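Peer 1: Have a look at this one.
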């Protein structure tokens, strides 16, 4: 008989509060080196803000939803 096990582990973000800046700088470096990529959906214009909001709620965006004014 094969036994299956599940382990769940979490962490508190505030535990690493003293290393926050170090983390931000490392993430920035990875983005600049192309090692970390992000995706976003950009909607142009203030008039399209409501449309962008609804699109975000319906799951129509990829990554961050941004309205460029």
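The values are calculated or read from the model by the stated rules, or taken from the named source; none is laboratory data. Predicted, not measured: the structure shown is a model, and the values here were computed from it. Every residue, glycine among them, receives a Cβ derived from its backbone with ideal geometry; neighbour counts consider all protein chains shown.
Peer 1: Considering segment 24-46 alone, what residues qualify as being in contact with a helix residue (DSSP H, G or I) (Cβ under 6 Å, 6 or more places away or on another chain) and either in a helix (DSSP H, G or I) or modelled with pLDDT of 95 or more (or both)?
Peer 2: Within segment 24-46, the subset in contact with a helix residue (DSSP H, G or I) (Cβ under 6 Å, 6 or more places away or on another chain) is 36, 43.
Across segment 24-46, the qualifying residue is only 43.
Peer 1: For the list (1) surrounded by 11 or more Cβ atoms within 10 Å (Cβ to Cβ); (2) under 17 Å from the mean Cα position of the chain (by Cα); (3) at pLDDT 95 or above, I need the number of the one condition that residue 20 fails.
Peer 2: (3)
Peer 1: Which of the residues spanning segment 49-61 are surrounded by 10 or more Cβ atoms within 10 Å (Cβ to Cβ) and not in a helix (DSSP H, G or I)?
Peer 2: Matches in segment 49-61: 60, 61.
Peer 1: Give me a count of the residues in segment 23-48 that are without any contact (Cβ under 8 Å) to a residue 24 or more places away in the chain, surrounded by 12 or more Cβ atoms within 10 Å (Cβ to Cβ) and under 13 Å from residue 68 (Cα atoms).
Peer 2: 1
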